[in-house]
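Here the structure is laid out as structure tokens; the discussion comes afterwards.
Just so it is clear, none of the values below were taken in a lab; they were calculated from the coordinates. Being a predicted model, the structure only gives us computed values, none of them experimental.
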Amino acid sequence: MKEIATSEVSETIPDEKMLVSKSTFEDMRHMQKETCDMVKDICRERDFQKYVLGITTGNDSVDNSQKMYESLKFFIIQDILRSYSRLGHRYYSGGGARKKYCSIAFDTPEGQLLYGIVMQMMKLDDNKLLDWEEVKSGIGKNDRYSQQIRKTAIEALNTYANADVKATASNGLDDFAFCIILHNYNTDYENSYRKNMLRIATIIANADNKVTEVENQWLDSIINVGNTDEEEGKNKALENPAEELNSMIGLGTVKNEINTLCNFVIMKKKREAEGLKSPSISYHCVFTGNPGTGKTTVARLLAGIYKDLGVLKKGHLVETDRSGLVAEYVGQTAVKTNKIIDSALDGVLFIDEAYTLANGGTNDYGPEAIATLLKRMEDDRDRLVVILAGYNQEIETFINSNPGLRSRFNRYIHFEDYTASELYKIFCLQVKKGEYTLTDDASQYLQERLTAIVADKPKDFGNARYVRNLFEKTVEAQANRLASKPLLTKEDLTHITKDDIMWESKHSIEVSYTVYGHDG
């Protein structure tokens, strides 16, 4: 390929020529940087290097480090393309079942973002992501240099789109390929990656300043995709969220607090209907408690309850944290925070680990996000409910440090850790829904194990999350145990034994890719 003279790209392109705004691009760039940084962090772990190389195939002529990054690029870009498609946008045309002929709609804001994503993720193992001027030079002009840049992006897109990436979650459902890899290695990384995928999808959905029903459905499902338990609970919540809340295991104090709040709202509306004075009420809440105690699930149900009570029109939940509100550059945090709030209007904005907004130091933009949030809570007080969540002491200190926060958040709901008995019931519920049965020795061992771990639980104990992970590994262990048996009865397929629950070792999943038409 002939080298293009740099003088051909020196012309300044006005920002207004771009269909995607600079602030939107910077939001996307920030999220991609977080994804890249997370991948680089985990790739430094030798165990993970061996794990990825053990479940992938690639070019034997390159070294293991390059092969590993090459593999991860395919997984992650496939995830992004899948999300882009589920948002209702096409990235290919023509082609048969074997091959897709890809194109990028440069005349749409979503297409321009997709171009930026593809070019960025090609640099996953580099130290530099594209900046705004580089993106404009590739899209905003029509000279030889820009045409070549666009051609390179489309060639890359063809390569990634036609990679035969196969990944199946333990429950048999389709999920993000990289989520499945991380789930079998480190669930903390998995949760971070899934949240980043949600935020990237949210930015794409908002690129044209409107969110369609198709886009909304995909955004709502991302955080729970591949999790039948949570999906089933969410669908029930749409029918009767109050009933779903009261049917949850444990959470006695939480249920009492929310039921009291609901009764107060009902009486308030009845007084208004009779022309009586009605006391003011704050619908904003602070959820405190350790990980895995149900804060996000209850927040989603409370959003549905508010809808049923007529407090909110839509009753959807938008989940975010510091990274979804705070930008890297001056003047961008307010824009970023406002976009998240816009997506939550007529629903609930759930901010996890909210106290981190005030932990960034003197040159941090967290206070700007707080100020923007407080202003919007006042401006949109009839359309927005905010729930802050986090550890008890940290979040109380955070709220008490700001008079604006203290005046708006006066309803605290604490989520206690689950007892051993409650964790056992949660595990048994998973067993029942999965159509399994615990043998007597398995049941006894499970109760003893949960009692022991609750009595001496580690600081980062995940409560229900721990049980969910234990169940998934137990089912995998049962599958390994049965794999060598030639004839299996229904009893074999359903019974979970003590040995299955005791199984702790990591096992690989089948994830592979084959590249068609890749010329390097």
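In terms of its C-alpha gyration tensor, segment 249-365 has a prolate overall shape, because the principal axis ratio a/c (a ≥ b ≥ c, square roots of the eigenvalues) is not below 1.5 and a/b outweighs b/c. Rounded to the nearest whole Hz, the Karplus-based 3J(HN,Hα) values (6.51 cos²θ - 1.76 cosθ + 1.60, θ = phi - 60°) of segment 30-35 follow the sequence 4, 5, 5, 5, 4, 5, with x at glycine and proline.
Work out, in µm²/s and without decimals, the Stokes-Einstein translational diffusion coefficient of segment 406-475 at 25 °C, 0.890 mPa s, Rh from Kirkwood over C-alpha pairs.
181
Built from the Cα atoms of segment 334-459, the convex hull projects on average onto 11.1 nm², one quarter of its surface area.
In the structure shown, the pairs Lys425/Lys473; Lys195/Lys498; Lys314/Lys339 are assessed against 26 Å; a Cα-Cα span above that value is assigned to Lys195/Lys498. For Glu319, the amide hydrogen comes within under 5 Å of the amide hydrogens of Phe350, counting only partners 5 or more places away or on other chains and with H modelled in the peptide plane.
Near Gly289, the amide H atoms lying under 5 Å from its own belong to Gly390, Tyr391, Asn392, Phe415; only residues 5 or more places off or on other chains count, and H is placed 1.01 Å from N. Amide H to amide H, with H built 1.01 Å from N, Leu438 comes under 5 Å of Ile496, counting only residues 5 or more places away or on other chains.
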